[in-house]
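What follows is a set of notes on a single structure, which appears directly below.
The values are calculated or read from the model by the stated rules, or taken from the named source; none is laboratory data. Keep in mind the model is a prediction, meaning the values are calculated, not measured. In this analysis, Cβ positions are derived from the backbone assuming ideal geometry, glycine residues included, and neighbour counts consider all displayed protein chains.
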Amino acid sequence: AQPSAPAPISAPLRDLEYGQLNFLHTTDTHGWLAGHLHEPSYSADWGDYISFSLRIREKVEAKGQDLLVIDTGDRVEGNGLYDSSIPKGIYLSEILRHQHIDILTSGNHELYQQNTSKNELLTTVPNFRGHYLSSNIDIYHPKTNELVPLAPRYKKFTTQLQGIRIVAFGFLFNFNGNYNNTVVQPVEKTIQESWFQEAIQDKEVDLFLVAGHVPAHSPEYRAIFKAIRKVHWATPIQFFGGHQHIRDYAQYDSRAFALASGRFMETIGFASIDGLSTSSQPSVASSPVFKRRYIDNNLFSFYHHTGLDQDTFPTEKGREVTQMITDARSALSLDTVFGCAPRNLWMTRVPYNDPDSIYNWLATEVLPQALKDESRGDSPAVAILNSGGIRFDIFKGEFTRDSAFIISPFPNKFRYVKDVPYDKVQLIMTVLNQQAKIVSTSEDENPYIHELGTPGQSHADGDYEEEETNKATEETRPLIIDGAGSHQAPLWAKRSDNPDIFPGYTTKDDAGTDGDDTIHSPVKNYMVPNCIQGHIPGNKTALSETVDLVYIEFLEPFLVLAGKFAQLDVDFINESEEYMSGVQLTDLITTWVGDNWKCDE
Ligand SMILES: Nc1ccn([C@@H]2O[C@H](COP(=O)(O)O)[C@@H](O)[C@H]2O)c(=O)n1
């Protein structure tokens, strides 16, 4: 773990249930390779994960079993370790490549910016040659401008020890927010292509392995499942997915399961299958048995599952990578302090209009006080942000360069259109927040276009409380103990009534409620609107007035549609201009923090 990471807290654990074939899975790591430096449950880093997978490999191979390591994308955008370097990602790519990954795929975040996908093609794909798969992404090659697959579409291989014959694919969900140097083909169309149909005709297959940046429960995975089942009624299928930032396990039939392993290096997913045929034993009598476990990413869990301790667990490679991360964080000055947060500010643990909500803070303090384009004189403005652009909580204590990128990693600037009737702005807000489905289906069948909100909640399946009806109470607030001096506060403490249990993941999935390795008490979450608004200046504007409609540039395509619904006669693409030229939301936040959150001497 990193030198400043908190020690993990001991807790009751469920064991891993190994099988003939075992998997470790990461997804949506978003640059958090240093682990969480303020949360003991997720405080292991990428070096520890390398040691963990090497130790698990030793353990399973000693029993003649196999291990495969999977990563399903969104490795970039979301942490200073990736976002603060110039160019972005130079340290991250080097750190990542030290993990042996058997199958990896691209997420949507690898494709938002031209440079990011170019870096995938020219650095990450070669670093993981033979392992990176891209079944439905093409890229215009930066040298030839020819449209080429980002990586091979699929591969067939056999496992080292048992000769399990696997056909593997690497998909991305039907994403359409990519920069125009890449092409994402819808999954449903891709599986009609001849290469896919030929790949699934193979009769010498013991397992289909579908890795992808695709939700475990999704129309895309259902389509792939159906396509394979048309040809193979009983061959086991193991899916690995991601994108929603949740722990999830979907059962498609008794021989087809999908695992999603959370986000931000909080979770190491584990899966196993027993009862597979192999090249030397092509038919098996029994049905395969599938298992899953979500491992909290900390050394307490890692020691427990490997049966090792602080002396016997670390590997030389793991230690080296931990040091590489420490060096990179220092070279990037990620611990530079901009100010000290006087309290915790939460994304979803309190209602969004609560004084402790990060969105309330942005809407009532940061935007009104810091967003001002001098060229607009005294014109009042309403600024709209998508809540999904904010990625993490702020903890009481030091607010560092790293915190800024963790909260707001995207290079999003502001744009505006002038003289918009205030009542139309409010109508647009209603459309974006309450009628997003209308917006998403008007011209575009892609169901993901309305993902303006925080990733987990559009698929929360009842785990989130409706904001209006539930005000957080004392008992539902996370347990916090104040940090000493200006240090960050740890996120939770043990409960006095049950000293072994503290808040954390309590996952419900298709296999039940016993998936998490660590037994936790639940944390309450509240729905957040897709978009929030701040008034500049902060006083309320009369309904009859006109305002500058300022918006984060990511919102523009959504505003074009919402504007039509609100019958606003504005051409957002051609009539808008930059607001506070060159300033990104991240800069606005850091400037405000520097001006307002002084640290006590
Ligand atoms: N420039 C950007 C890019 C993305 N977002 C927000 O992130 C969401 C996607 O993130 P996932 O981790 O869920 O893939 C997207 O829907 C936006 O809300 C952004 O704000 N700006």
- Query: From the residues in segment 61-94 that are among the β-branched types (Val, Ile, Thr) and surrounded by 24 or more Cβ atoms within 10 Å (Cβ to Cβ), which one is nearest to the ligand (Cβ to nearest atom)?
  - Reply: Val76
- Determine whether segment 556-573 contains at least one residue that is on the phi > 0 side of the Ramachandran plot and modelled with pLDDT of 90 or more. yes
- Quick one: Gln114 ticks every box in (1) more than 27 Å from Ala199 (Cα to Cα); (2) surrounded by 20 or more Cβ atoms within 10 Å (Cβ to Cβ) bar one, so which box is it? (2)
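Please specify each residue of segment 391-436 satisfying the condition of being of a type in the set (D, E, K, R), in a strand (DSSP E or B) and within 16 Å of the ligand (Cβ to nearest atom).
Residues of segment 391-436 of a type in the set (D, E, K, R): 391, 393, 396, 398, 401-402, 413, 415, 418-419, 423-424.
Next, from what is left, pick out any that are in a strand (DSSP E or B): 398, 413, 415, 418-419.
Selection gives Lys413, Arg415.
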- Query: Can you name the condition, by its number, that Pro282 falls short on among (1) at pLDDT 95 or above; (2) over 23 Å from Ser135 (Cα atoms)?
  - Reply: (1)
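In this structure, is Arg75 assigned by TED's automatic domain parsing to the domain that holds Phe240, within 22 Å of the chain's Cα centre (by Cα) and of a type in the set (D, E, K, R)?
On the way: assigned by TED's automatic domain parsing to the domain that holds Phe240: yes; within 22 Å of the chain's Cα centre (by Cα): yes; of a type in the set (D, E, K, R): yes.
When the stated conditions are applied, Arg75 passes them.
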- Task: Kindly provide the set of residues from segment 505-524 that are within 17 Å of Ala260 (Cβ to Cβ) and touching a residue at least 60 places away in the same chain (Cβ under 8 Å), ordered by number.
- Result: Tyr505, Thr507, Asp509, Asp510, Ala511, Asp514, Gly515, Asp516, Asp517
- Query: Taking His98 and the conditions (1) within 16 Å of the ligand (Cβ to nearest atom); (2) part of a loop (DSSP other than H, G, I, E, B), which numbered condition does it fall short on, given that it satisfies the others?
  - Reply: (1)
- Being in a loop (DSSP other than H, G, I, E, B), away from the ligand (no atom under 16 Å from the Cβ) and touching a helix residue (DSSP H, G or I) at 6+ places or on another chain (Cβ under 8 Å), is that true of even one residue in segment 210-226? no
- Candidate set: segment 541-589, residues that are more than 18 Å from Asn386 (Cβ to Cβ), part of a loop (DSSP other than H, G, I, E, B) and hydroxyl-bearing (Ser, Thr, Tyr); chosen: the one nearest to the ligand (Cβ to nearest atom): Thr541
- Message: Looking only at segment 53-77, filter to residues that are touching a Phe, Trp or Tyr at 6+ places or on another chain (Cβ under 7 Å) and assigned to a loop (DSSP other than H, G, I, E, B); which one of those is nearest to Gly19 (Cα to Cα)?
- Response: Gln65
- Test set (1) of a type outside the set (Ser, Thr, Tyr); (2) surrounded by fewer than 18 Cβ atoms within 10 Å (Cβ to Cβ); (3) modelled with pLDDT of 95 or more - Phe338 fails condition number: (2)
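Here's a check for you: in segment 136-184, which residue that is of a type in the set (A, V, I, L, M, F, W, C), over 23 Å from the mean Cα position of the chain (by Cα) and in a loop (DSSP other than H, G, I, E, B) is nearest to the ligand (Cβ to nearest atom)? Even if it seems obvious, please write down each step before you answer.
First pass over segment 136-184, keeping only residues of a type in the set (A, V, I, L, M, F, W, C): 137, 139, 147-148, 150-151, 157, 161, 164, 166-169, 171-173, 175, 183-184.
Subset that is over 23 Å from the mean Cα position of the chain (by Cα): 147-148, 157, 161, 164, 166-167.
Narrowing the set further to residues that are in a loop (DSSP other than H, G, I, E, B) leaves 161, 164.
Numbers: Leu161: 36, Ile164: 32 Å.
Ranking the candidates gives Ile164 first.
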- Does any residue in segment 184-200 that is assigned by TED's automatic domain parsing to the domain that holds Lys156 come within less than 7 Å, Cβ to Cβ, of a residue that is of a type in the set (Ser, Thr, Tyr) six or more places away or on a different chain, and which pairs are these? Thr190/Ser135; Phe196/Thr190; Ala199/Tyr154
- Which members of segment 192-239 meet the condition of being surrounded by 14 or more Cβ atoms within 10 Å (Cβ to Cβ) and either at pLDDT below 95 or acidic (Asp, Glu) (or both)? Glu193, Asp202, Asp206, Glu220
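Count, please, the residues in segment 227-250 that happen to be under 30 Å from Gly78 (Cα atoms) and of a type outside the set (A, V, I, L, M, F, W, C). Walk me through it before giving the result.
We begin by selecting, within segment 227-250, every residue under 30 Å from Gly78 (Cα atoms); these are 238-250.
In the following step, the residues that additionally are of a type outside the set (A, V, I, L, M, F, W, C) were identified as 238, 241-245, 247-249.
Residues that pass the stated criteria total 9.
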- Item | Matching option when the condition is at pLDDT 95 or above, of a type in the set (Gly, Ala, Ser), closer than 29 Å to Ala404 by Cα and in contact with a Ser or Thr (Cβ under 9 Å, 6 or more places away or on another chain), among Gly515, Gly504 | Gly504
- Query: If you check Pro537 against the conditions, is it within 27 Å of Ile358 (Cα to Cα) and away from the ligand (no atom under 16 Å from the Cβ)?
  - Reply: yes
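So which residues in segment 315-335 are surrounded by 21 or more Cβ atoms within 10 Å (Cβ to Cβ), over 30 Å from Thr591 (Cβ atoms) and not aliphatic (A, V, I, L, M)? Talk me through it step by step, then tell me what you get.
Quick first cut of segment 315-335, residues surrounded by 21 or more Cβ atoms within 10 Å (Cβ to Cβ) only: 318, 321-322, 325, 328-329, 332, 334.
Now drop any that are not over 30 Å from Thr591 (Cβ atoms), which leaves 318, 321-322.
Gly318, Thr322, listed by residue number.
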- Query: In segment 367-387, which residues are within 16 Å of the ligand (Cβ to nearest atom) and part of a helix (DSSP H, G or I)?
  - Reply: Leu367, Ser387
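If a residue counts only when it is crowded, with 22+ Cβ neighbours inside 10 Å, touching a His at 6+ places or on another chain (Cβ under 8 Å) and not hydroxyl-bearing (Ser, Thr, Tyr), which strands (runs of 3 or more DSSP E) contained entirely in segment 242-288 have at least 2 such residues? Lay out the reasoning, then the answer.
Details: elements: 247-253, 256-261, 267-274.
Filter on segment 242-288 gives 256-261, 267-274.
Could you pull out the residue among Leu362, Leu371 that is within 13 Å of Gln533 (Cα to Cα), at pLDDT 95 or above, surrounded by 24 or more Cβ atoms within 10 Å (Cβ to Cβ) and touching a strand residue (DSSP E or B) at 6+ places or on another chain (Cβ under 8 Å)? Please lay out each step first, then the result.
Working: Leu371 fails: surrounded by 24 or more Cβ atoms within 10 Å (Cβ to Cβ).
Going through Leu362, Leu371 in turn, the sole match is Leu362.
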- Task: Check off (1) within 16 Å of the ligand (Cβ to nearest atom); (2) within 25 Å of Ala34 (Cα to Cα) for Leu362 and give me the number that stays unchecked.
- Result: (2)
